[in-house]
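Worksheet: the structure to be examined is printed underneath.
Each value in this text was obtained by applying a stated rule to the coordinates, not by laboratory testing. Since this is a predicted model, take the numbers as computed values, not measurements. Cβ atoms come from the backbone with ideal geometry, glycine included; neighbour counts cover every protein chain shown.
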């Protein structure tokens, strides 16, 4: 009996070790691929200077950009803890998203503090609306901005307009501040599926930087 218990324990240990190394390798490959997509999307204007892993779920890299793009740029890729089964299940249960965060200084520091968080509220599909609501008039509104600012200055308009465009709709959060880093933007990693989507992300970053530095 004890022999079979030891065999089962040994087999379980081998499976867990294999799971850990395979999924840790998968995370490293996925994070490195996202970094290279961003690098290639910059059309030769940026280069990965160094990268390092903080555990198996967080990859940080420093990017060197050509002049007039970004300064002190850093990218952080956060992945699910796939190598730990229980943590992975909790991550899926809590609907945590894998993200890529870009941080950098601008040539001209913005003179304002701004933090934007994007939320989407989903309602029922048309097929699920009850018969009692058949006479309702349904409208498709555009984006709605809820702000805590009492005064809306003109310098914020270019930044918000960029986020309203189709290219900017995938950003989860954007932050501007006078202190370093001047710009921080986070996007869901699953929206960076290839070099084309990465190029769109980089273009939005440049538009946001231009809008924040535009003369008012």
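For the reader, a short list of remarks on this structure follows.
- Here each label is just a point 7 Å from Cα along the line to Cβ, and for residue 20 and residue 50 those points are 2.8 nm apart.
- Cβ-derived FRET efficiency at R0 25 Å, residue 71 paired with residue 150, nearest 0.05: 0.20
- Ranked by the mean number of other Cβ atoms within 10 Å of their residues, highest first, the peptides 205-211, 93-99 fall in the order 205-211, 93-99.
- Stretchable slack from residue 164 to residue 88, in nm (0.36 nm times residue separation minus alpha-carbon distance): 24.0 nm
- Fully extending the segment from residue 30 to residue 97 would add 22.7 nm, taking 0.36 nm per residue of separation and subtracting the current Cα-Cα distance.
- Simple label model, 7 Å out from Cα along Cβ direction - residue 177 to residue 157, nm: 2.8 nm
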